[in-house]
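Chemist: The structure follows.
Just so it is clear, none of the values below were taken in a lab; they were calculated from the coordinates. Owing to the predicted nature of the structure, the values given are computational and were not obtained by experimental measurement. Virtual Cβ from ideal backbone geometry, glycine too; neighbours counted across all protein chains shown.
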Amino acid sequence: MRFDRLIPPIALLTAACASSPDPSTSQDPGIVHGYDMARQYCASCHAIGTSGSSPHSGAIPFRKLSTLYPVDSIGESLVEGLMTGHPDMPEYQFSAEAADDFIAYLESIQQN
């Protein structure tokens with residue numbers, strides 16, 4: 001077997017893994033702020049990253065939210081007071097800027 005033929009696929013796989021979004025290390029301050037809010041307010045129930053299971057069995061992992069509805073459509077609900085979700089979910093109300101940051105973070109981790 002010629003190993004030189006394996007280099008391009010290995011390099012491609014490495015590049016694909018390196019380009020996976022990691023909101024905790026993003027250069028976008030809005031995404032970082034959104035991630036920080038998710039970590040502070042949501043991580044006790046939801047999986048907030050690009051992998052892992054939610055600690056609360058009824059809480060969808062954030063990376064799968066777009067399978068239920070367009071993530072960019074929840075901004076108004078966040079500002080008015082988000083009262084839906086799993087039965088144990090407390091009500092949250094965001095400023096317009098915080099809602100934009102939270103949505104930017106959510107969009108950055110959605111699985112296709």
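Chemist: Rounded to the nearest 20 Debye, what is the dipole magnitude of region 22-109 about its Cα centre when Lys and Arg each give +1 and Asp and Glu each give -1 at the C-beta?
Modeler: 420 debye
Chemist: Order of 39-48, 66-75, 97-106 by packing, highest average Cβ count within 10 Å first?
Modeler: 97-106, 39-48, 66-75
Chemist: So if each residue of separation counts as 0.36 nm, and I subtract the Cα-Cα distance between A96 and E80, what length gain in nm does that give?
Modeler: Full-extension gain reported as 4.8 nm.
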